[in-house]
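Notes for the one structure printed next.
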């Protein structure tokens, strides 16, 4: 059994996927983790996410906590809130849209050794429309090249992290650029980084918030500033 784990999900308009996601999460944790908590960060959702989480909080009390942003703070803002709320020795997060299978979490737990700081998933096959696959591949290639990042899939938000490392780094990004910032700073920590392949599934509900003109503009402007800070001025 894994000793101590915080699991959190950043959620934005993910009401349809949350009941099934949390059911699978708690079933997995009960089998594989001794001491756990689950956190959902409701990032200013405009659908029924708040109502659904209220019902689920009663069902899964006291292990489920909900943190609510009155206004949408962006993906980076949601991740920063989730990391700050986590209380256990290790932290796992993935998105609340169920494009990743939370039942594959034990694959990451098995790779967490005493000298490992991050176990990062990588998509065995990306199950998205062709244009998103192409954009994602180009983004991943450029980000790895610019930031000298070693892991193969920066865009795979399926991560197990030692919380002591999160306490030592300060994240500033509010957009999807947070993934580049997070991975770069964890790799610079000197702790071992491991990777494991995980499955990726088609989105069943809603639409991605990343692949919008405004979101892309904010992300790339923040990436440029990060590159200056973390590579040029380092």
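The values are calculated or read from the model by the stated rules, or taken from the named source; none is laboratory data. Note that this is a predicted model, so its numbers are computed, not measured. Every residue, glycine among them, receives a Cβ derived from its backbone with ideal geometry; neighbour counts consider all protein chains shown.
Can you name the residue in the stretch 124-138 that is farther than 18 Å from residue 199 by Cβ and surrounded by 11 or more Cβ atoms within 10 Å (Cβ to Cβ) and, of all such residues, is modelled with the lowest pLDDT?
Start the filter on the stretch 124-138 by keeping residues that are farther than 18 Å from residue 199 by Cβ, which leaves 130-131, 134-135, 138.
From the residues that got through so far, the ones that are surrounded by 11 or more Cβ atoms within 10 Å (Cβ to Cβ) too are 134-135.
Numbers: 134: 86, 135: 81.
This residue is 135.
The set of residues from the stretch 3-39 being in contact with a strand residue (DSSP E or B) (Cβ under 6 Å, 6 or more places away or on another chain) and closer than 15 Å to residue 71 by Cα comprises 10, 11, 12. Given the options 25, 94, name the one that is modelled with pLDDT of 95 or more, within 13 Å of the chain's Cα centre (by Cα) and crowded, with 19+ Cβ neighbours inside 10 Å. Only one candidate passes the filter, namely 94.
Taken over the stretch 97-118, the criterion of being under 24 Å from residue 23 (Cβ atoms), surrounded by fewer than 20 Cβ atoms within 10 Å (Cβ to Cβ) and out of contact with any strand residue (DSSP E or B) (no Cβ under 9 Å at 6 or more places or on another chain) is satisfied by 103 alone.
Yes or no: residue 230 closer than 28 Å to residue 114 by Cβ, at pLDDT below 95, in contact with a helix residue (DSSP H, G or I) (Cβ under 6 Å, 6 or more places away or on another chain) and assigned to a helix (DSSP H, G or I)?
yes
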